[in-house]
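The values are calculated or read from the model by the stated rules, or taken from the named source; none is laboratory data. As the structure is a prediction and not an experimental result, all values here were calculated from the model. A quick note on method: Cβ atoms are made from the backbone with ideal geometry, for glycine too, and the neighbour counts reach across all protein chains shown. Accessible surface areas use protein heavy atoms only, side chains included; no ligands, DNA or RNA. Shrake-Rupley method; radii C 1.70, N 1.55, O 1.52, S 1.80 Å.
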Amino acid sequence: MEQEEVAAREDADLQLMYRIERPVYNEAAIRSQVLDRKEKSTTLRERLAQQFRCSSKRAKAAALSFLPILTWLPSYPVKQYLFSDVVSGLSTGVVQLPQGLAYAMLAAVPPVYGLYSSFYPVLLYTFFGTSRHISVGTFAVISLMIGGVVVREAPDSMFYVLPANGSNMSAVLDVEARDARRVQVAVVLTTLVGIIQIIFGLLRFGFVAIYLTEPLVRGFTTAAAVHVVVSQLKYLLGVKTQRFSGPLSAIYSVKAVLSDITSTNITTLILGLVCIVFLYGVKDINERFKKKLPIPIPGEIIVVIVSTGVSYGLSLSEDYSVDVVGKIPTGLLPPAAPQFSLLPSLVTDSFAVAIVGFSMGMSLAKIFALKHGYSVDGNQELIALGLCNLVSSFFQTFAITCSMSRSLVQESTGGKTQIAGLLASLVVLLVVVAIGFVFQPLPQTALAAIIMVNLLGMFKQIRDIPTLWRTSKIELAIWLVAFVASVLLGLDYGLLVAVAFAILTVIYRTQSPKSAVLGHVPGTGLYCDVDEYEEAAEYEGIKIFHSNSSIYFANSDLYVNTLKEKTGVNPEHIQAARKAIKKQKEKKANSSNNSPSKICVKYKKEEVTHEVVSYNNVAEEQRNGRSGDRCSMSASEQSIFLNPPSTVHFIILDWTPVNFIDSVGAKAIKQVIKDYAAVDVLVVIAGCSRGLLVELDTLQFFTGVMTTDMVFPTVHDAVLHCQHSLPPSSCSGQ
């Protein structure tokens, strides 16, 4: 038995062997002997005609792509999914109702518009969305961005009017006119956001979300949570302060609240704190016992119902001056065209809202798709969100995206498809059409409590800082810049600064690539950094240079300079020494003085000087590396500073990591090849991808000193070629 186990272990330890025997290839041999490029059998006109040809199959594919519901609804397993979707939809709708009312406050519009925004877009997403688990609708970050724009375009100062009786009373705020104007601004902004998202989707620009890297999004949303909490302080305390927007708005808001804190409404504050404590406790219970609870405890709707009942029963608005939601009209509004005259001043803001909204929705959609084993289409998601915003804006809604908290509720309560989202929207519709008036006594401080507690998840993102400190300082810098810039400059300018900084970090990384001289690991085909691995040994007379970046206008000079520094072979220095030696020889030939002239050649690191009598003597001394203090400086002597004598005959450029090269980079490489050739050092290239070779052909790289004979498919091919071409005295035994 023991022998069998030993044999089994030995068999398990056997490695696959990689054996191949072939000639050493260069690119010229590959093109003539190994690879034949396929001839394109169709012309450009034929390819265009095929691209735009219409057929029943293509029409069906386009319809299924535009209406993803058609792909899963016909085969919807009613018995398996319907009950789960009903429970999930009712649970999500119960959460969506108070959040719609609360986030309307963030958007600076009357609460009923939050309910409209929780119905129409959710209904539309059921038909056009590709994710089965996200819950679209109002979201704190987007609502706050909209609120900033709305307050900027329709500030309170525009709506103070004098009393009609002409008395000496001070001007009063026309709340109805202000709210109507703010709704117009929010609706036009939403229309423009929808148009931008649809255009991006049709142009297949779903990739734009990749520029919003995860640290950037998390830093940005944490800053948004700070703005949201600051904006809700006045509702929690019951103080009357204006709403600020733009740079430093968070600081101004805190200052305004603190300066008026003595007028805090104690009843409002107590009610708000009780709601916060209750909601926090419910969320903690839901988290701790989520596996045992069939559905999460709906803390938000409990707070809304109880606080509304308490407010109505105790007449908090009349007797204790507690601010309440106020009038909620019953029924839906008829469609109306937005005020397009407002468009020019909202273009920049709409781009920010469109991109942030899409990135939020897409990031959550990918998480759920990965968890449940299906795929989401980024371009179709852009079109779906765009249609939700554009069409819904004609029914007086503001911009929406995916909500993290509601999506978690929808998924954790067993939601299987967007039928759950459809049912959630119907719950909101029931309230809008039939029982909206019931929530008129709802205290605003209760909505502020709901908003604040729902932001706990975003504030927990601060834990990213120590993790990023250990893993990536650059990503930590992106997180901090996104957070600080968004807190101080506002969400719109903060996002712009954060994206610009993230792009700069990419440029910085390409400008600071890791470079190395490679050596061969005996017994393998591997080449590794000689400074990092003891086993890696260089071949005599050959330098292998590796840099993990592409070569283009921004870093071509850096690439060349690093090449000269790492290899220790600088053609300019060698040329300078040769010119000085030649000049000295000419002087000696023309001089009648037979005393030997001197030129001091000083090697940078060794402080070595050589007396130069003739070119041959110098060459011999440099080959043998002899040194001595054989010359003393005088006014007539010349001093040339060189690197230590080099016996390098070949330099191999490892282009395995190079993804692209532009015309500037190609010219720089050709020039450095010429420079090295002038000092009898041959430069060859190894590891080019086929795509990069096509680019080099397009750039006419293989002309003049550079030919395809100098390009090799692997570093080892290049090494074997160079070893074969080395002078006999330079060959190593490796």
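Do you know which residues across region 316-347 are open to solvent by 40 Å² or more (accessible area, probe 1.4 Å), closer than 30 Å to G238 by Cα and not in a helix (DSSP H, G or I)?
The initial filter retains those residues of region 316-347 that are open to solvent by 40 Å² or more (accessible area, probe 1.4 Å), namely 317-321, 323, 327, 329-330, 332-337, 339-341, 343-345, 347.
Pick out the ones that are also closer than 30 Å to G238 by Cα and you get 317-321, 323, 327, 329-330.
The answer is S321, D323, K327, P329, T330.
Could you list, in sequence order, the residues of region 277-315 that are assigned to a loop (DSSP other than H, G, I, E, B), among the basic types (K, R) and buried (at least 16 other Cβ atoms within 10 Å of the Cβ)? Walk me through how you get there before you give the answer.
Within region 277-315, the subset assigned to a loop (DSSP other than H, G, I, E, B) is 289-298, 315.
With the extra rule that they be among the basic types (K, R), the set shrinks to 290-292.
Matches in region 277-315: none.
Say whether the condition of being without any contact (Cβ under 8 Å) to a residue 24 or more places away in the chain, touching a helix residue (DSSP H, G or I) at 6+ places or on another chain (Cβ under 9 Å) and closer than 19 Å to S393 by Cα is met by at least one residue in region 324-335.
no
In region 501-521, what residues are open to solvent by 70 Å² or more (accessible area, probe 1.4 Å), over 20 Å from the mean Cα position of the chain (by Cα) and at pLDDT 90 or above?
Across region 501-521, there are no qualifying residues.
Look at V87 and say whether it is surrounded by 14 or more Cβ atoms within 10 Å (Cβ to Cβ), aliphatic (A, V, I, L, M), part of a helix (DSSP H, G or I) and in the same structural domain as F244 (by the TED database). Step through it out loud before you land on a result.
Numbers: surrounded by 14 or more Cβ atoms within 10 Å (Cβ to Cβ): yes; aliphatic (A, V, I, L, M): yes; part of a helix (DSSP H, G or I): yes; in the same structural domain as F244 (by the TED database): yes.
Against the criterion (surrounded by 14 or more Cβ atoms within 10 Å (Cβ to Cβ), aliphatic (A, V, I, L, M), part of a helix (DSSP H, G or I) and in the same structural domain as F244 (by the TED database)), V87 qualifies.
Name the one entry in G665, G687, G704 that is surrounded by fewer than 14 Cβ atoms within 10 Å (Cβ to Cβ) and in the same structural domain as T524 (by the TED database). Steps first, answer last, please.
On the way: G665 fails: surrounded by fewer than 14 Cβ atoms within 10 Å (Cβ to Cβ); G687 fails: surrounded by fewer than 14 Cβ atoms within 10 Å (Cβ to Cβ).
One residue alone meets the criteria, G704.
Mind checking which helices (runs of 4 or more DSSP H) fall wholly inside region 451-556 and carry at least 2 residues that are in contact with a Leu (Cβ under 6 Å, 6 or more places away or on another chain)?
Numbers: elements: 456-459, 464-471, 473-489, 491-511.
Those helices (runs of 4 or more DSSP H) span 464-471, 473-489, 491-511.
Mind counting the residues in region 234-247 that are under 20 Å from L488 (Cα atoms) and open to solvent by less than 70 Å² (accessible area, probe 1.4 Å)? I'd like the intermediate steps shown before the answer.
From region 234-247, those under 20 Å from L488 (Cα atoms) are 234, 241-247; that's our starting set.
The next check asks that each one be open to solvent by less than 70 Å² (accessible area, probe 1.4 Å); those that pass are 234, 241, 243-247.
Within region 234-247, residues that are under 20 Å from L488 (Cα atoms) and open to solvent by less than 70 Å² (accessible area, probe 1.4 Å) number 7.
Select from region 56-72 the residues that are among the hydrophobic types (A, V, I, L, M, F, W, C) and in contact (Cβ under 8 Å) with a residue 60 or more places away in the chain and write down the one among them that is least open to solvent (accessible area, probe 1.4 Å). Walk me through it before giving the result.
We begin by selecting, within region 56-72, every residue among the hydrophobic types (A, V, I, L, M, F, W, C); these are 59, 61-64, 66-67, 69-70, 72.
Checking which are in contact (Cβ under 8 Å) with a residue 60 or more places away in the chain leaves us with 66-67, 69, 72.
Details: F66: 94, L67: 52, I69: 14, W72: 41 Å².
Per the stated criteria, the residue is I69.
Only one of these is assigned by the TED database to the domain that holds A500 and more than 30 Å from L456 (Cβ to Cβ): T222, T191. Name it. Spell out how you get there, then give the answer.
Values: T222 fails: more than 30 Å from L456 (Cβ to Cβ).
After ruling out the rest, the residue left standing is T191.
Quick check: anything in region 139-157 buried (at least 24 other Cβ atoms within 10 Å of the Cβ) and in a loop (DSSP other than H, G, I, E, B)?
So far as region 139-157 goes, yes, one or more of its residues are buried (at least 24 other Cβ atoms within 10 Å of the Cβ) and in a loop (DSSP other than H, G, I, E, B).
Need the failing condition index for S75 against (1) exposed (fewer than 14 other Cβ atoms within 10 Å of the Cβ); (2) among the hydroxyl-bearing types (S, T, Y); (3) in the same structural domain as L382 (by the TED database), just the number.
Every listed condition holds for S75 apart from (3).
Is it true that some residue in region 166-176 is over 41 Å from the mean Cα position of the chain (by Cα), assigned by the TED database to the domain that holds P335 and at pLDDT 85 or above?
Yes, that holds for at least one residue.
Can you work out which of the residues in region 414-430 that are β-branched (V, I, T) and open to solvent by less than 10 Å² (accessible area, probe 1.4 Å) is nearest to I270 (Cα to Cα)?
From region 414-430, those β-branched (V, I, T) are 417, 419, 427-428; that's our starting set.
Still in the running and open to solvent by less than 10 Å² (accessible area, probe 1.4 Å): 417, 428.
Values: T417: 41, V428: 29 Å.
Residue satisfying both the conditions and the ranking: V428.
Please go through region 525-550 and pick out each residue that is at pLDDT below 90 and within 28 Å of the chain's Cα centre (by Cα).
N548, S549, S550
With respect to L456, determine if the residue is in the same structural domain as I199 (by the TED database), touching a residue at least 40 places away in the same chain (Cβ under 8 Å) and surrounded by fewer than 20 Cβ atoms within 10 Å (Cβ to Cβ). Break it down stepwise before answering.
Working: in the same structural domain as I199 (by the TED database): yes; touching a residue at least 40 places away in the same chain (Cβ under 8 Å): yes; surrounded by fewer than 20 Cβ atoms within 10 Å (Cβ to Cβ): yes.
Taking the combined requirement at face value, the residue satisfies it.
Given the conditions (1) part of a loop (DSSP other than H, G, I, E, B); (2) touching a residue at least 12 places away in the same chain (Cβ under 8 Å), report the number of the one that T268 does not fulfil.
Of everything listed in (1) part of a loop (DSSP other than H, G, I, E, B); (2) touching a residue at least 12 places away in the same chain (Cβ under 8 Å), T268 misses just condition (1).
Show the residue pairs meeting these rules: Cβ distance below 9 Å; 6+ apart or different chains; first residue within region 557-568 and among the small types (G, A, S); second residue modelled with pLDDT of 90 or more and not in a helix (DSSP H, G or I).
Every condition considered, the pairs that remain are G568/V517; G568/K543.
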